[in-house]
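Structure first, commentary second.
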Amino acid sequence: MSPSPLLQSADRWQGVIHRYAKYLPVTDATPRISLSEGNTPLVRVDHFVEAIGGKFSLFLKYEGLNPTASFKDRGMTLAISKACEKGAEVVACASTGNTSAAAAAYSARAKLKCVVILPHGNIAMGKLSQALIYGAETIAIRGNFDDALRIVRELGGTGRVEVVNSINPVRIEGQKTAAFEICDQLGRAPDFHFLPVGNAGNITAYWRGFQEYADRGLVETTPRLMGWQAAGAAPLVEGKPVAQPETIATAIRIGNPASWQGAETAVRESQGGIDKVTDEEILHAYKTIAQTEGILAEPASAAPLAGLIRAVHNQSIPEGSLVTATMTGHGLKDPDRALKTAGVEPTVVDPSTSAVMKSIGM
Ligand code: F0G
């Protein structure tokens, strides 16, 4: 049977390696382990901007719509493809949850053994269930992410395990494709780009992506990168590692980011900044974006939105600016947080139309 025209269509989206191969460290010999990640929507959110009193255009890069529901798929397609090219048999990562979900999924597809090391008790339920159902060896340590990353570095040092954290440079290469997509979708670079910062790989990757597009003449400008940490886990803001990081945004509960230098370079060269927001501000932004725009992003993703609310108060965004922000992970990763933050329970009534009408005040 010959393949249908649809299967041969050059237009069919086949993931970030297929789309951006010429910008990535791959050759025709590199296997392509893809789940058709990338090509995520860039959603204009005028109601949110109005609600926070801003006078600029804001577009959200909705990375929660990737195959494992976070931006990690962009770097993982490349990391797992390169691991296969090298002939690796075991891959490992430390994670606050999303990297492990992506590593587990892409490893399943590549038939690789995958080991994920997680901080026990501090992983959102959706992320933990992903690692388990995709079949990764899931180890929960009595420690935090920084402990897990130390262990994974040591495992990598044995030479028997391929580390797929962002200390593996190909992860950053894959993640820079989000910046490419934003430029492709807007037809230009934004003036500002806001994003959450944890281990600092993503801010490093975005800066590389925006710069490469400018260097190649595909856009004329680069944005100022505005990174946001949670107040209880803000080593880049404090200027020193935090021994016991704490925040409800468990994805960015990190005290000693691996890409510290990359983040500092991104902020300095782009004339941007890194600052922190409290858990209270994060939760306020999380609820506001859900209720004004119908966008559910996980709490870490709301940190840059909380940052935007600050920026409006400080009048640090000139009127008419074009602003983008990354919604790094889907809100359904952490349904407990959604239930707690909504602060209401379903109303239970008898099974009659009149009972429903009475309940909704009609
Ligand atoms: N947002 C989400 C939803 C994340 O999962 C992460 C990192 C970040 C933001 C921060 O990105 O680390 O590149 O600065 N999650 C990692 C993980 C640490 O293990 O899933 P970063």
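Key figures
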quantity: Which listed residue is in contact with a helix residue (DSSP H, G or I) (Cβ under 8 Å, 6 or more places away or on another chain), away from the ligand (no atom under 16 Å from the Cβ) and at pLDDT 95 or above, from Arg310, Arg268; calculated: Arg310
quantity: Lone qualifier among Thr250, Thr204, Thr222 - being near the ligand (Cβ under 9 Å from one of its atoms), over 17 Å from Ser95 (Cα atoms), of a type outside the set (A, V, I, L, M, F, W, C) and in contact (Cβ under 8 Å) with a residue 12 or more places away in the chain; calculated: Thr204
quantity: Count - residues of the stretch 225-240 that are in contact (Cβ under 8 Å) with a residue 40 or more places away in the chain, touching a strand residue (DSSP E or B) at 6+ places or on another chain (Cβ under 6 Å) and of a type in the set (A, V, I, L, M, F, W, C); calculated: 5
quantity: Leading residue by the ranking (surrounded by the most Cβ atoms within 10 Å (Cβ to Cβ)) among those in the stretch 290-346 that are within 21 Å of Ile182 (Cα to Cα) and among the polar types (S, T, N, Q); calculated: Ser301
quantity: Some residue of the stretch 187-200 being out of contact with any His (no Cβ under 7 Å at 6 or more places or on another chain), surrounded by fewer than 21 Cβ atoms within 10 Å (Cβ to Cβ) and outside any loop (DSSP other than H, G, I, E, B); calculated: no
quantity: Any hit, the stretch 80-93, residues being near the ligand (Cβ under 8 Å from one of its atoms) and either under 21 Å from Ala200 (Cα atoms) or in contact with a helix residue (DSSP H, G or I) (Cβ under 6 Å, 6 or more places away or on another chain) (or both); calculated: yes
quantity: Residue match in the stretch 347-354 (condition: crowded, with 20+ Cβ neighbours inside 10 Å and of a type in the set (S, T, N, Q)); calculated: no
quantity: Top-ranked residue of the stretch 184-201 - restricted to ones that are in contact with a helix residue (DSSP H, G or I) (Cβ under 9 Å, 6 or more places away or on another chain) and more than 13 Å from the ligand (Cβ to nearest atom), ranked as farthest from Leu305 (Cα to Cα); calculated: Asp184
quantity: The listed residue being over 25 Å from Arg208 (Cβ atoms), among the charged types (D, E, K, R) and in contact with a His (Cβ under 9 Å, 6 or more places away or on another chain), out of Glu319, Glu246, Glu293, Glu281; calculated: Glu293
quantity: Only listed residue being within 16 Å of the ligand (Cβ to nearest atom) and either assigned to a helix (DSSP H, G or I) or surrounded by 24 or more Cβ atoms within 10 Å (Cβ to Cβ) (or both), chosen from Glu181, Glu173, Glu212; calculated: Glu173
quantity: Residue that is surrounded by the fewest Cβ atoms within 10 Å (Cβ to Cβ) [pool: residues in the stretch 100-158 that are of a type in the set (Val, Ile, Thr) and in a loop (DSSP other than H, G, I, E, B)]; calculated: Thr158
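The values are calculated or read from the model by the stated rules, or taken from the named source; none is laboratory data. All values reported here derive from a predicted model rather than from experimental measurement. Positions of Cβ are generated from backbone atoms using ideal geometry, with glycine treated the same way; all protein chains shown enter the neighbour counts.
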